[in-house]
Amino acid sequence: MAETKQPERLCVGCRQLHPKDRLLRIVRSPNGTAAYDPTGKSPGRGAYLCPSAECLRLARRQGGLSWSFKGRVAPAVYDALEDVVRREEDGA
Ligand SMILES: [Zn+2]
């Protein structure tokens with residue numbers, strides 16, 4: 001099996017490195033609004049989360065996104081991620 005170097009990013013929940021393409025991306029746009037980024041390509045500063053309910057729970061409890069963005073993040077952002085994680089865990 002050939003080894004391909006994948007970019008890795010820190011999950012804001014478990015704070016461990018994972019291949020970027022396996023993580024959910026949350027982006028903070030230049031106007032300061034944070035939102036889930038389904039395309040993974042939106043401009044702005046990105047934060048990453050494992051598609052896992054456990055990591056989301058940790059991120060929410062520790063304010064992982066606020067930590068990453070160095071600013072307040074609306075609870076609605078976590079709620080949106082919860083829907084995404086639930087779909088991922090259903091094996092969609
Ligand atoms: Zn994680």
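General observations
- All positions within segment 35-52 that are in a strand (DSSP E or B) and either within 11 Å of the ligand (Cβ to nearest atom) or open to solvent by 20 Å² or more (accessible area, probe 1.4 Å) (or both): Ala35, Tyr36, Arg45, Gly46, Tyr48, Leu49
- Segment 16-34, subset within 12 Å of the ligand (Cβ to nearest atom) and touching a residue at least 24 places away in the same chain (Cβ under 8 Å), residue most open to solvent (accessible area, probe 1.4 Å): Arg22
- For the criterion of being touching a strand residue (DSSP E or B) at 6+ places or on another chain (Cβ under 6 Å) and in a strand (DSSP E or B), Val27 passes.
- Within segment 1-15, the residues that satisfy the criterion of being within 16 Å of the ligand (Cβ to nearest atom) and either hydroxyl-bearing (Ser, Thr, Tyr) or assigned to a strand (DSSP E or B) (or both) are Glu8, Arg9, Leu10, Cys11.
- Any hit, segment 83-90, residues being away from the ligand (no atom under 16 Å from the Cβ) and assigned to a loop (DSSP other than H, G, I, E, B): yes
- Answer residue from segment 69-92, given it is without any contact (Cβ under 8 Å) to a residue 12 or more places away in the chain and small (Gly, Ala, Ser) and is nearest to Gly13 (Cα to Cα) among those: Ala76
- Here is the figure for segment 53-73: residues that are surrounded by 18 or more Cβ atoms within 10 Å (Cβ to Cβ) and within 16 Å of the ligand (Cβ to nearest atom) total 8.
The values are calculated or read from the model by the stated rules, or taken from the named source; none is laboratory data. Because the structure is predicted, anything quoted here is derived from the model rather than measured. All Cβ positions, even for glycine, are placed from backbone atoms using ideal geometry, and neighbour counts span all protein chains on display. Side chains are part of the model used for accessible areas, which takes the heavy atoms of the whole protein and leaves out ligands, DNA and RNA. Shrake-Rupley method; radii C 1.70, N 1.55, O 1.52, S 1.80 Å.
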